[in-house]
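I have placed the structure first, in the form of structure tokens, so that the comments after it can refer back to it.
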Amino acid sequence: PAEQKKEVGMKLNELKNKRCSRPIIACPPHLVSNYVKEVVYVTEGKLNLIPVTNMSLKQHGYEALAKLIMNAPPNSVVITDFNFLKGKSQEVSYGNKTINVFQNAEFLRQFEFDLIVVDEVHFLKNLKSTRRHAAARFMQDIPMKRIASGTLVADTLVDLVSQVALVD
């Protein structure tokens, strides 16, 4: 809650100062509804939040979500969760290697977000996890990255490095 208010404030400053035009928040699934409630409360409804989750995908489909994001007013922020990013993956051959393509992460990449705030980044500490690979793939071309966690220092130095590496 206090951490989320701080992040909402930071995001508002980024939007207000026109340093970003298409922001996104990524967090664990259980925090998406908290963000929606906090943003409505803190901004008194002046900031639109577009949740892009497995549930919203199931309800609306890719086409409707894409249309919603593309036509969103400038005071809009997309919020997604780590499970959505991981979504369905498909192994494809790329040269002599097999790689995972994360359909939902690729779906979101098309919108060219210019700021991402990753909350509870310690959920992405395992370098070998599918969830981390999907998040890293999604984030790789986003120019401004912020990470937040109440548990940043994890079990090992490798865990910490894997979290910080997400911001390049």
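The values are calculated or read from the model by the stated rules, or taken from the named source; none is laboratory data. Since the model is a prediction, treat every value here as computed from it, not as a measurement. Every residue, glycine as well, gets a Cβ built from its backbone with ideal geometry; the counts of neighbours run over all protein chains shown. Heavy atoms of the whole protein, side chains included, go into the accessibility calculation; ligands, DNA and RNA do not. Shrake-Rupley method; radii C 1.70, N 1.55, O 1.52, S 1.80 Å.
Quick notes on this one:
- Per atom type, the chain shows carbon and sulfur on 54% of its accessible surface, probed at 1.4 Å.
- Mean residue ellipticity (222 nm) of the chain, computed from DSSP H runs ≥ 4 via -39,500 (n - 2.57), nearest 500: -13000 deg cm²/dmol
- Globularity index of region 34-107, i.e. its alpha-carbon radius of gyration over 2.2 N^0.38 Å: 1.37
- Neighbourhood net charge (14 Å Cβ-Cβ; Lys/Arg +1, Asp/Glu -1) for Gly45: 0
- Other residues whose C-beta falls under 9 angstrom from the C-beta of Leu31 contribute a net charge of -3, scoring Lys and Arg +1 and Asp and Glu -1.
- Within the assembled protein chains, the solvent-accessible surface assigned to Ser129 is about 30 Å², based on a 1.4 Å probe.
- Across every pair of non-identical alpha carbons in the chain, the mean reciprocal distance, once inverted, gives a Kirkwood radius of 16.4 Å.
- Taking the chain as a Gaussian network of alpha-carbon nodes connected by springs under 10 Å, the highest mean-square fluctuation of the residues Asn75, Asn34, Asn96 belongs to Asn96.
- Between Lys97 and Asn75, the FRET efficiency estimated from the beta carbon spacing at R0 = 45 angstrom works out to 0.60.
- Cβ-Cβ FRET estimate between Glu63 and Asn126, R0 fixed at 45 Å, reported to 0.05: 0.85
- The chain - accessible surface per residue (Å², probe 1.4 Å): 57
- Multiplying the residue separation of Lys37 and Met144 by 0.36 nm and subtracting their alpha-carbon distance yields 36.0 nm.
- Loop-located trypsin sites (Lys or Arg not before Pro) in region 28-114, at most 11 other Cβ atoms within 10 Å (DSSP): Lys46, Lys88
- Given Lys86/Lys125; Lys58/Lys125; Lys58/Lys128; Lys67/Lys125; Lys46/Lys125; Lys46/Lys88, the pairs whose alpha carbons are separated by over 25 Å: Lys58/Lys125; Lys58/Lys128; Lys67/Lys125; Lys46/Lys125; Lys46/Lys88
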